[in-house]
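Working notes, structure below.
The values are calculated or read from the model by the stated rules, or taken from the named source; none is laboratory data. Note that the structure is predicted; figures quoted are calculated from it, not measured. Here Cβ is always computed from backbone atoms with ideal geometry, including for glycine, and neighbour counts include all displayed protein chains. Areas reflect the complete protein model, heavy atoms only, side chains present, ligands, DNA and RNA absent. Shrake-Rupley method; radii C 1.70, N 1.55, O 1.52, S 1.80 Å.
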Amino acid sequence: RDRLYNLNRSNQNQQRREAAIFKSSVDIQPEWNMLDQIPFSTFSKLSFSVPEPEDLLLCGALEYYDRSFDRITPKNERRLERFKNRNFFKVTTTDDPVIRRLANEDKATVFATDTILATLMCAPRSVYSWDIVIQRVGNKLFFDKRDGSQLDLLSVHETSQEPLPEAKDDINSAYSLSVEAAYINQNFSQQVLVRDGNKVSFDEPNPFANEGDEVASVAYRYRRWKLDNDMYLIARCEVQSVVEVNNQKSFLTLNALNEFDPKYSGVDWRQKLETQRGAVLATELKNNANKLAKWTAQSILASADLMKLGYVSRVHPRDHFNHVILGVVGYKPRDFAAQINLNTANMWGIVKSIVDLCMKLNEGKYVLVKDPSKPQVRIYEVPADAFENDYVEEPLPEEEQVQPPAEDTEAGEPNGTTNDVEAKETETQT
């Protein structure tokens, strides 16, 4: 009886958590034609091994990692700085000039970015809805994200049983937290560098930067994997920093976990991080399983030698503008993947099955949507002009256009430019 009672109670929790989830990440239009739905249970059985990838091109420049950050503890925390002048780019696959060039040279059949591939690879861990636009052009496949897509932000508390506040303007709502997390992540990735002008530059400069722009430390590795005898996949992968070990340069990815209010997670980082780091990580793995898996997948795709995870907390639980770094820990991506049960053969199995499915489709535009309430994805056929001008269609009446306060704009700069935030605000309101 007790077991049944507990079972029912955990089911109620599950339903309560599911009920708190938002609508679909993209509005499903009545004229869209649903072609297929794939439950996540079929993904778990998939397996596919890919040979080692080859680097086709390296672009951008990296700054060195500052090792003094490895010594930070909650007792000697460091204030998180703001990097307003550094530009971050979230360019989708088909807007990338290098990918266009490689596609014109027939270097591969399938094109994507590491963010999109990681979303697919870790799909079974996702709870919130997301969507990926798929374009079949001739014999080629392009996996894209929409402007202002959910994929530009970072989910927080996604896989937790504890529901977040539903009011969108609450600082602990899922949307507010995802903007805050994206902002923390970008600033953290630039702060932990030695900013002395000493950089490692690669074959070509950053393909998205204009002359004279101050660009975030990032290198893009355009890499090619063999999926089949005549099918190759090219993806743009990112690394954020470099460190020298025994005269060898090692690539690093830099990401930050963020604590917003200990009462939601039940673990206070300032008290537990030094003495019980394992418990803190275990809680994060429970509440943010999808995000951590995606970061790990991205590090593996980029063949980074180390992934650095920062622990960043609010100065005060009700202040979502000011943060401190409480600690930084490094992991080898493949070791960390083993620790979180992330199987690379399964990750590639999922990508391969979706690619195979899309290769059977006619030329045209499709969208793959994670169902907001069920563990499954659906694929829709959409008109060729879908998503072209997402937030230009219906401007809001002026009295409804709430201008975000200046401070707010500053805090949520997911793309390094203020205009993007305003566009995202408008889009969300629309």
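Structural remarks
- In region 305-339, residue nearest to Phe83 (Cα to Cα) [restricted to those that are among the hydrophobic types (A, V, I, L, M, F, W, C) and in contact with a helix residue (DSSP H, G or I) (Cβ under 6 Å, 6 or more places away or on another chain)]: Phe321
- Strands (runs of 3 or more DSSP E) completely within region 90-149 that count 3 or more residues being open to solvent by 20 Å² or more (accessible area, probe 1.4 Å): 131-137
- Residue under evaluation Ala174, criteria (1) at positive phi; (2) open to solvent by less than 40 Å² (accessible area, probe 1.4 Å), criterion not met: (1)
- Just one of the numbered conditions (1) in contact with an Asp or Glu (Cβ under 9 Å, 6 or more places away or on another chain); (2) over 30 Å from Arg318 (Cβ atoms); (3) surrounded by fewer than 16 Cβ atoms within 10 Å (Cβ to Cβ) is not true of Val218: (3).
- Close pairs (6 angstrom Cβ cut-off, 6 or more residues apart or separate chains): closer than 11 Å to Glu259 by Cα in region 294-319, open to solvent by 40 Å² or more (accessible area, probe 1.4 Å) and part of a loop (DSSP other than H, G, I, E, B) anywhere: Val315/Asn322
- Among the residues making up region 100-118, those that are of a type outside the set (A, V, I, L, M) and in contact with an Asp or Glu (Cβ under 9 Å, 6 or more places away or on another chain) are Thr109, Phe111, Thr113, Asp114, Thr115.
- For region 364-387, residues that are of a type in the set (D, E, K, R), open to solvent by less than 50 Å² (accessible area, probe 1.4 Å) and out of contact with any Ser or Thr (no Cβ under 8 Å at 6 or more places or on another chain) total 1.
- Tally, over region 260-270, of residues that are open to solvent by 10 Å² or more (accessible area, probe 1.4 Å) and in contact (Cβ under 8 Å) with a residue 60 or more places away in the chain: 5
- Where a residue in region 72-87 is in a loop (DSSP other than H, G, I, E, B) and its partner, wherever it lies, is surrounded by fewer than 12 Cβ atoms within 10 Å (Cβ to Cβ), with Cβ under 6 Å and at least six apart: Asn85/Glu214; Arg86/Glu214
- Count of region 159-169 residues, restricted to those that are open to solvent by 10 Å² or more (accessible area, probe 1.4 Å) and touching a residue at least 60 places away in the same chain (Cβ under 8 Å), is 7.
- When region 177-197 is limited to residues that are of a type in the set (D, E, K, R) and open to solvent by 10 Å² or more (accessible area, probe 1.4 Å), the one that is farthest from Gly330 (Cα to Cα) turns out to be Asp196.
- The number of residues in region 273-301 being crowded, with 16+ Cβ neighbours inside 10 Å, touching a Pro at 6+ places or on another chain (Cβ under 9 Å) and farther than 18 Å from Ala118 by Cα comes to 1.
- Residue within region 171-193 that is in a loop (DSSP other than H, G, I, E, B) and over 22 Å from the mean Cα position of the chain (by Cα) present: no
- Leading residue by the ranking (least open to solvent (accessible area, probe 1.4 Å)) among those in region 319-363 that are among the basic types (Lys, Arg) and under 21 Å from the mean Cα position of the chain (by Cα): Lys352
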